[in-house]
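These notes are about the structure you will find just below.
The values are calculated or read from the model by the stated rules, or taken from the named source; none is laboratory data. Bear in mind that the values here come from a model prediction, so they are computed numbers and not experimental data. Positions of Cβ are generated from backbone atoms using ideal geometry, with glycine treated the same way; all protein chains shown enter the neighbour counts.
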């Protein structure tokens, strides 16, 4: 489903040393797997997800999704890929202020000109425990409810690949478990592949495989965070 081959992305700020945000990452994730990527802020997690989404271009390396090279796609093909094949769960601040929950959640459906967008998204919102909150505006929702709206938006078109970027960063431990349990359950039912990027070690228990991103390099995740040797690179 998802294959990363020796992916690299370096930044240079001013005249300082380059920042190796992603430094030779190779990883293969099968269809239907739930994989977690652990790392503190600034470890390169968001950059890696942006590379997979085609939002930024790598210095070198390849991103393959269902066998297609993301960076060999045209601009319009990338837009279609992000709309239909990819579900991105980001921070609730990306919700539209003043919009109702059902309007925020149905955004992707509306982008496909689906006239029944709001009606079609209702079952998923109800599944996420928002059946009584459909008409509530963003500001009237708790942080946990806003995060569930973000999940509904990401899953609206039943994408085969879901990227979750710190989806529980603003939630307490109880809400974190609730949200991730629902995400894992719904994606498993749909056969979706999930890559979860998080700095919360509590979230790692929901994954079938877990890795740590450290100084742009991928390593085996260990809860005690002792010194870990980098993973050997997968053959290209």
#### Entry: Residues that are modelled with pLDDT of 90 or more and surrounded by fewer than 17 Cβ atoms within 10 Å (Cβ to Cβ), drawn from segment 186-207
188, 189, 190, 191
#### Entry: Restricting segment 6-30 to residues that are over 15 Å from residue 211 (Cβ atoms) and buried (at least 20 other Cβ atoms within 10 Å of the Cβ), the residue that is modelled with the highest pLDDT
9
## Note on the structure
Restricting attention to segment 176-203, the residues that are part of a strand (DSSP E or B) and touching a helix residue (DSSP H, G or I) at 6+ places or on another chain (Cβ under 6 Å) number exactly 2
### Summary
Sole miss for residue 181 among (1) under 30 Å from residue 116 (Cα atoms); (2) buried (at least 19 other Cβ atoms within 10 Å of the Cβ); (3) free of Cβ contacts under 8 Å to residues at least 40 places away in the same chain is condition (2)
### Task
Filter segment 121-141 for residues that are without any contact (Cβ under 8 Å) to a residue 24 or more places away in the chain and in a helix (DSSP H, G or I) and give the result.
122, 123, 126, 140
### Message
If I ask for residues that are surrounded by fewer than 20 Cβ atoms within 10 Å (Cβ to Cβ), assigned to a helix (DSSP H, G or I) and at pLDDT 90 or above, which ones from segment 94-110 would you list?
### Response
107, 109, 110
### Query
Within the group 210, 152, which residue is crowded, with 17+ Cβ neighbours inside 10 Å and part of a strand (DSSP E or B)?
210
### Message
Take the conditions in a strand (DSSP E or B) and either touching a helix residue (DSSP H, G or I) at 6+ places or on another chain (Cβ under 6 Å) or modelled with pLDDT of 90 or more (or both) and apply them to residue 218. Does it pass?
### Response
yes
## Note on the structure
residue 69 meets each of (1) over 17 Å from residue 212 (Cα atoms); (2) surrounded by 15 or more Cβ atoms within 10 Å (Cβ to Cβ) with one exception, condition (2)
